[in-house]
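Right, one structure below, let's go through it.
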Amino acid sequence: MARPQARTSAPARPAQRPSAPSTRPVARPSGAKPSAGQTKLIKPAPKAKARRARLLVSKVDPWSVLKMAFLLSVALGIVTVVAAVVLWTVLDLTGIFDGVNALLNEVGGPEASAFDLRSFASLGQVVSFATMIAVVNVLLLTALAVLSAVLYNIASALVGGIGVTLTDD
């Protein structure tokens, strides 16, 4: 703690004259001295060092993991269904189904001419199959995420958790 110093009388300052109308700093070449009416440029303050905080993730709440995993897996399910529709549409527009049907007719002979790939894998069937896969993925991913959170809590009770260092940019 600093000790208070005794006050001494300061020398009297000379009276200030009114400043010039413009008090903005003027850039000048290096080495040049400011003339009367110009003010010195002020240096910016030095950057402060980044702060760091070490934290320990010792427990993960399974309920919050369940909610987040459910939302992310539903988003992934929507992407799966949309990707299936887009892929089927691209295959149909490029004529892949017609090419596969022609190849099967050539290879199989007259018996294979009754097979039509577009009727076997119609858009409705592809969307239904993709939706079933998406629902199964939502259930499995959510359950695996919650199971992972519970296993992490058990392991962190044994070893202490994961250390994280946060810095201030």
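Brief remarks follow.
- All lysines inside 23 Å of residue 59 as judged from Cα atoms, apart from same-chain residues fewer than 8 positions distant: 67
- When peptides 44-52, 96-104 are ranked by their average number of other Cβ atoms within 10 Å per residue, the highest-first order is 96-104, 44-52.
- Percent of Cα-Cα distances greater than 13 Å, calculated over the range 113-169: 76 percent
- In the range 63-169, the C-alpha radius of gyration followed by the widest Cα-Cα span (Dmax) gives 22.9, 73 angstrom.
- For the range 50-96, the Kirkwood estimate of the hydrodynamic radius, built from every pair of different alpha carbons, is 14.5 Å.
- If only the Cβ of Lys and Arg carry +1 and only the Cβ of Asp and Glu carry -1, the dipole of the range 46-159 around its Cα centre is close to 1580 debye.
FYI, it's all coordinate maths here, none of it is from the lab. Just so you know, these numbers come straight off a predicted model, no measurement behind them. FYI the Cβ positions are ideal-geometry reconstructions off the backbone, even for glycines, and counts take in every protein chain you see.
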